[in-house]
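**Student:** One structure, pasted below without further comment.
The values are calculated or read from the model by the stated rules, or taken from the named source; none is laboratory data. Source: prediction; values computed, not measured. Using ideal geometry, Cβ is built from the backbone for each residue, glycine included, and neighbour counts are taken over all protein chains shown.
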Amino acid sequence: MAKKNNGKYDSGVNIMGSVPNYNVMLDYISDTYGFTKESTGAFEFRTEKSLQRFISAIESCILKFKSEIHKNMFFDALANKEFSVQERLVILFWQLTYSNLLFSRITAEVFMKAVYAGRVTITAEEITSFLRHIKETEKGELDWSEDTIKISGSKYLTIMKKLGLADGAIKKTILHPVITNNLFVYYIRFIQTITDDKTLHNPYMIFSFSEEQNIITRLKKIENIQYWDVTQIGNELTIDLK
């Protein structure tokens, strides 16, 4: 189970980074907790203890939901054959930004900043330095050993690699996912389901891998009129789901 501390963060990132096959994990989540009936894959671990450790990590790091609507959206997407494996991995990425606070914060304040700065690579040391900063500046947070902090930095980028958002060994290349229209529609619904913010200021907009103008253009496409109404007054834009 993810290590607990007195602060708001846990070390679930370490365990999630050790899950061997994310494609199999998606099938396991869908089969065990979701809507699919057939067994399309199963974890293979040497011991029952190892299996239970990863199951506990899934339940504590992924399966947290704002509402039944959010929960059903997630499981519907995992069972939807119209989504490719890579699209389902992006959906899992977005779910992690909601369900694991430390993953969300690292992604928003380090990884996505590198993305929007146009950088090509990112290193574990950047993540580790950020974790040290939290430990040093936020009382009661990340009261971990230096070894645990270093492992967390490395495991975070391992997660991103398994999600198809990074590649490479020590210095990871940042990969930009293809956000198909089906995925874009899911994303807009997702961020409005987990927050009350219907504007482009929604805090989860940062995880879109898209600049603001590109988001506006996609919102206003004719094929998306069936999903929402868009109202723009000056620079302020509001999205009302149908």
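**Student:** Being surrounded by fewer than 17 Cβ atoms within 10 Å (Cβ to Cβ), of a type outside the set (Asp, Glu) and in contact with a Leu (Cβ under 8 Å, 6 or more places away or on another chain) is the requirement here; does Ile233 meet it?
**Tutor:** Criteria not met by Ile233.
**Student:** Still on this model: Would you mind stating whether Val185 is assigned to a loop (DSSP other than H, G, I, E, B) and either within 24 Å of Val85 (Cα to Cα) or not assigned by TED's automatic domain parsing to the domain that holds Phe103 (or both)?
**Tutor:** So Val185 does not fit the description; no.
**Student:** Being charged (D, E, K, R), modelled with pLDDT of 75 or more and either assigned by TED's automatic domain parsing to the domain that holds Phe93 or within 18 Å of the chain's Cα centre (by Cα) (or both) narrows it down to one residue among Lys37, Lys64, Lys49; which is it?
**Tutor:** On the way: Lys37 fails: modelled with pLDDT of 75 or more; Lys49 fails: modelled with pLDDT of 75 or more.
Every option except Lys64 fails the conditions.
**Student:** In addition: Which residue out of Leu175, Leu163 is free of Cβ contacts under 8 Å to residues at least 40 places away in the same chain, among the hydrophobic types (A, V, I, L, M, F, W, C) and in contact with a Leu (Cβ under 8 Å, 6 or more places away or on another chain)?
**Tutor:** Exactly one of Leu175, Leu163 is free of Cβ contacts under 8 Å to residues at least 40 places away in the same chain, among the hydrophobic types (A, V, I, L, M, F, W, C) and in contact with a Leu (Cβ under 8 Å, 6 or more places away or on another chain), namely Leu175.
**Student:** Tell me yes or no: at least one residue of the range 145-164 is on the phi > 0 side of the Ramachandran plot, within 17 Å of the chain's Cα centre (by Cα) and either among the aliphatic types (A, V, I, L, M) or not in a helix (DSSP H, G or I) (or both).
**Tutor:** Looking through the range 145-164, at least one residue is on the phi > 0 side of the Ramachandran plot, within 17 Å of the chain's Cα centre (by Cα) and either among the aliphatic types (A, V, I, L, M) or not in a helix (DSSP H, G or I) (or both).
**Student:** Taking Ala108, is it closer than 19 Å to Tyr204 by Cα, assigned to a helix (DSSP H, G or I) and either free of Cβ contacts under 8 Å to residues at least 12 places away in the same chain or touching a helix residue (DSSP H, G or I) at 6+ places or on another chain (Cβ under 6 Å) (or both)?
**Tutor:** yes
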